[in-house]
Amino acid sequence: MKRYHLNRLEELEAESIYVIREVFSQFENPAILFSGGKDSIVLTHLAKKAFWPAKITFPLVHIDTGHNFPETIAFRDALVEKLGVRLIVGSVQESINQGRVQEEQGLNASRNALQTTTLLDTIERHKFDAAMGGARRDEEKSRAKERFFSHRDDFGQWDPKNQRPELWNLFNGKKRMGEHFRVFPISNWTEMDVWQYILAENIELPSLYFAHERELIERNGTLLAVSEYLNMRGDEVKFTKTVRYRTCGDMPITGAIESTASTLEDIIQEIAATRLTERGSRADDKRSETAMEDRKKQGYF
Amino acid sequence: MEERFHTEGYLDMELLRFTTAGSVDDGKSTLIGRLLYDSKSIFEDQLEAVKSSSEKKGLVHIDLSLLTDGLKDEREQGITIDVAYRYFATPKRKFIIADTPGHIQYTRNMITGASTANLALILVDARKGVMEQTYRHSFIASLLQIPHIIVCVNKMDLVDYDQKVFNDIVSQYEDFAAKMDVKDIRFIPISALKGDNVVNRSENMDWYDGSTLLYTLENIHIGSDQNHLDARFPVQTVIRPHSDQYHDFRGYAGRVAGGVFRKGDEVVVLPSGFRSKIKSLFVGDSEKEEVFPPMSVTMTLEDDIDISRGDMLAKVNNQPDLNQDVEAMICWLNNRPLNPSAKYVLRHTTNEMRAMVKEIVYKLDISTLNRVQGDTTIQINDIFRARIRTTKPVLMDSYRTNRNTGSIILVDESSNETVAAGMII
């Protein structure tokens, strides 16, 4: 009985590769939304496997808030070079300069929400009809309702109450001019699956994910990296700790966790024992109970 | 958590996909919350969020159903609108739950959730017994050929854990189930609210000597749910690297939809009928001796043949039907009724063509399973048997023998929406 048997990682991989190949076949101009985080790195790795020995034909699209960790940008450039793929950068700074969006003010100012405009502008400028992302359904409650092929109207908006039914493996990517799809090939993966897969496939990651020393402050229970992008209150005290990151968001909003995990095995042990969700360290989700749903409806990742 | 996490065992875990269905208020969300909670799959920050929402609503207990209601409207109205996917794992298996709403108007979501499930969990309120919705859900599970059904008789705490109540519901359900096509049905008396027989054995129902729900989910045999007999390989796309190193490489990419393909096997390309032998099989860059469902692979053949998306590879002595007339059980999923004179796009494996619904053989009354003849108006949530005519031949098997090559969807050409799901007879 065990002979024709896939373990769960092999089954998830097969599903994701199938979805990526459907995107390639059903759309004219697809792209991978690449944040530099582990999920989009895994997605890119799966795309590489899906078309081997051919190169990935999709460009990687990075929405650069200008507040990224420098490690993320260095990793992105090295990966693009290695895979020989095209990189397209949508710059939030440019959107600000053009007056498309206004920079938030104040202590907790973040460019997170501004990304949506830059993302939609980039999709429109390059006429992408499918944008693949590394979002997972286990990440957040409104993401649990996402389809693999998620339809967006010509304003880039998501209508969660009126989604197309998605049956078996029959994906429907039909759309009108000006509309596009967001596609989530790793929808069914959990954080643990992603880490186990990274270990099994020996996938390279930015150094941020592993324990390192960093200068930090603590705000509302979150450890934030000291950087030129972080607005600080006078009474906030800097200190140095050994930390790592569970997600790679913008510097001013992504919380570090205290950790000495320096290998993938260590990280997996740590996640197995952890009692907090990975987005729990993201200040952008804590703004309100429906913060993610509201942003997603407007066209966020 | 002191004990060391076992990477080895975890890597080898199987995946079980199940769908949950129930009527309004029969405690489905609470049950899922209970499974997540008792299997320690809920994180502290999620629990904190639910605690504070429960307090805001003035509840005394933590409302576990809040864990699964995702959208704003759902939490405000206390209902589930759309299919939500949940994940949890025990040391034995990883589970994907397609949590579907129970309202009549959302039957289409139930069908969506059921289409990829190995198992259906059906909830019955012990106080109310088997209801019309129970029949509807069970029938859909059997129609979509979900191999296993678990009927959870919930809220046993509200009927004093009475064995007679449970037995009556079991026999009532069995009478109905005799008319359906399900191989494996099990019954478990539970209280999702109190936790009886969900993860932990109930101390209130000594008379029940079966397994708890979680134990059943962990141990039910799913190894034979895939078709390993009839080799089918629908081609998704052709990979041509045009690089110096792989100048002549021509790989056919796709997901094995049935049977087993081995290196050296003779295959027939459909619909052209050309024959060749398998030269090599790849998953990514790693070469394989044999491939089987649901693997995504790349195949090369000994001969250069014209093959493109929508073609299918099979074995010479075991081929799918090739026909422009398709007879299927269809569920209508769209608010716009079926237009008998309209052409729809039919999608089947990696193929797509235009099609018309030529004849409605009968409609089905889901609560009685009676066939209704002569009624040809088809509206959302209707289930009917139909004859479809396509503009080019479909390479099909019956849904019963193969879910992958026996399923179709119809797409409305004007709205681009998926309007129907069909199971080929």
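Structural remarks
- Note on the protein assembly as shown: Kirkwood radius taken over Cα pairs, Stokes-Einstein applied at 10 °C and 1.306 mPa s, translational D equal to 59 µm² s⁻¹.
- Multiplying the residue separation of B:Ser211 and B:Arg186 by 0.36 nm and removing their Cα-Cα distance gives an extension gain of 8.0 nm.
- Measuring nothing but how far apart in sequence close Cα pairs (under 8 Å, 6+ apart) lie, relative to its length, chain B scores a relative contact order of 11 percent.
- Taking other Cβ atoms within 10 Å as a rough exposure proxy, A:Thr116, B:Thr112 sort from fewest to most as A:Thr116, B:Thr112.
- For the residue pairs B:Lys183/B:Lys363; A:Lys49/B:Lys183; A:Lys161/B:Lys92; A:Lys145/B:Lys392; B:Lys94/B:Lys279, the alpha carbons lie more than 26 Å apart in A:Lys49/B:Lys183; A:Lys161/B:Lys92; A:Lys145/B:Lys392; B:Lys94/B:Lys279.
- Considering only chain B, percent of DSSP beta bridges that pair antiparallel, nearest 5: 75
- Förster radius 35 Å - calculated FRET efficiency between B:His247 and A:His5, Cβ distance, rounded to 0.05: 0.45
- In a simple Cβ point-charge model (Lys, Arg +1; Asp, Glu -1; nothing else charged), region A:104-167 has a dipole of about 180 debye relative to its Cα centre.
- Euclidean distance between Cα centres, region A:168-182 to region B:82-103, Å: 25
- Note on region B:166-221 and region B:376-393: Cα centroid distance 36 Å, given to the nearest whole angstrom.
- Taking all Cα pairs closer than 8 Å and separated by 6 or more residues, the relative contact order of region B:232-315 comes to 38 percent.
- Length available on full extension from B:Leu158 to B:Arg127: 0.36 nm per residue minus the Cα-Cα distance, which gives 10.4 nm.
- Remark: spin-label model distance A:Asn202-A:Thr57 equals 3.0 nm, labels positioned 7 Å along the Cα→Cβ axis.
- Between B:Asn219 and B:Arg201, the contour length at 0.36 nm per residue exceeds the alpha carbon distance by 4.9 nm.
- Label zone at B:Lys279, where the point sits 7 Å out along the Cα-to-Cβ direction: region B:297-320 residues whose backbone N lies under 15 Å: B:298-307
- Relative contact order (%) - chain A, alpha-carbon pairs under 8 angstrom, separation at least six: 20
- FRET efficiency for the A:Ala78 to A:Glu258 pair, using the beta carbon distance and R₀ = 35 Å, is estimated at 0.80.
- Taking other C-beta atoms within 10 Å as the exposure proxy, B:Leu229, A:Leu199, B:Leu395 rank B:Leu229, A:Leu199, B:Leu395 from fewest upward.
- Taking other C-beta atoms within 10 Å as the exposure proxy, A:Ile267, B:Ile185 rank B:Ile185, A:Ile267 from fewest upward.
- Rounded to 5, percent antiparallel among DSSP beta bridges of chain A: 60
- With the cut-off at under 14 Å, measuring from each backbone N in region B:257-284 to a point 7 Å along the Cα-to-Cβ line of B:Val316 picks out B:264-269, B:273-278.
- Here the simple spin-label model places points 7 Å from the Cα toward Cβ, and for B:Leu59 and A:Glu218 these points are separated by 3.2 nm.
- Inter-centroid distance (Cα atoms) of region B:134-152 relative to region A:201-273, Å: 47
Values in this text are rule-based calculations from the coordinates and carry no lab data. What you see is a predicted model; the values in this text were computed from it and never measured. Positions of Cβ are backbone-derived with ideal geometry, glycine not excepted, and every protein chain shown enters the neighbour counts.
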